[in-house]
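Colleague: Have a look at the structure that comes next, please.
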Amino acid sequence: MLGVSKESVRRWKRVWEKNGADALRRRPATGRPPKLDDAQVERVRTALERGAQAHGFEADLWTLERAGLVAERVTGVRLSKASVWRLLTGRLGWSLQRPERRAVERDESEIARWIAHEWPRIKKGR
C-alpha cells in the first residue's frame, strides 16, 4: 500500500520501539557543509551578473577559471573547478551556454549579396 519493502517497515518499527517517534523524523543531510554560505553566494551572484569585462577580462564570457577567480576575490574562499561548477549550476541555477563561433571578418551584407546574386547564377549553371 505504501510502496515500501517489508524490511523497511520492520526497521522503522524497531527504531520506533527503541527511540520513539522522534527517531523516525527526517534529519538534515549529512556530509561536508558548503564552503560558501547563502550571503556569500549572493555576493558572488551579484559580481558575476556584472559581467566578465567588469572584472577585467577581455571577453565578456565566463569560464570556470574566471568565475572561480571572481568568487575568490569576493569571498576570500578558493574553490576547485568542481566546486565552481556546483556553485554555478546548483546554487545559482546557471546553465552551460556556448557562444556562437563567428569569424571576426564576417560581412553580413556581402553574404546577403552573394546569396542573392552569385548563388542563383551558380545553381543555374548546373
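The values are calculated or read from the model by the stated rules, or taken from the named source; none is laboratory data. All figures in this text were calculated on a predicted structure; none of them were measured in a lab. Here Cβ is always computed from backbone atoms with ideal geometry, including for glycine, and neighbour counts include all displayed protein chains. Remember, those area values only see protein heavy atoms, side chains included, never the ligands or the DNA or RNA. Shrake-Rupley method; radii C 1.70, N 1.55, O 1.52, S 1.80 Å.
Colleague: To the nearest 10 square angstrom, what accessible area does residue 117 show with a 1.4 Å probe?
Modeller: 120
Colleague: Taking 8 Å as the Cα distance limit and 6 or more residues as the minimum spacing, I'd like the relative contact order of the chain as a percentage.
Modeller: Across the chain, relative contact order equals 14 percent.
Colleague: Please work out which option in (1) 2, 8, 12, 11, 8, 6, 6, 8, 9, 9, 6, 4, 3, 3, 2, 2, 1, 0; (2) 2, 11, 20, 23, 19, 14, 8, 3, 0; (3) 2, 11, 18, 18, 12, 10, 9, 8, 6, 4, 2, 0 gives P(r) over Cα pairs in 5 Å bins from 0, in percent calculated from these coordinates, and answer with its label.
Modeller: Here P(r) over Cα pairs in 5 Å bins from 0, in percent agrees with entry (1).
Colleague: Here's another thing I want to ask about it. At 7 Å along Cα-to-Cβ for each site, give me the label-to-label distance between residue 72 and residue 16 in nm.
Modeller: 5.3
Colleague: Take the solvent-accessible surface of the protein heavy atoms, probe 1.4 Å, and return the percent of it on the chain that carbon and sulfur atoms account for.
Modeller: Answer for the chain is 53 percent, counting heavy atoms of protein chains only.
Colleague: Could you list log10 I(q)/I(0) for segment 12-84 at q = 0.15, 0.19, 0.24 Å⁻¹, which the Debye formula gives when each Cα is one point scatterer?
Modeller: Scattering profile of segment 12-84, log10 relative to I(0): -0.58, -0.77, -1.07.
Colleague: Per residue, how many Å² of accessible area does segment 81-126 show with a 1.4 Å probe?
Modeller: 94
Colleague: Then there is this: From the phi of every residue in segment 44-52, what ³J(HN,Hα) in whole Hz does the Karplus formula 6.51 cos²θ - 1.76 cosθ + 1.60 yield, where θ is phi - 60° and glycine or proline is x?
Modeller: 5, 4, 4, 5, 5, 5, 6, x, 5
Colleague: Starting with the highest mean, order 107-115, 80-88 by the number of other Cβ atoms within 10 Å, averaged over the residues of each peptide.
Modeller: So the peptides 107-115, 80-88, ranked by packing, come out 80-88, 107-115.
Colleague: At a 10 angstrom cut-off on C-beta neighbours, averaged per residue, how do the peptides 93-104, 58-69 rank from highest to lowest?
Modeller: 58-69, 93-104
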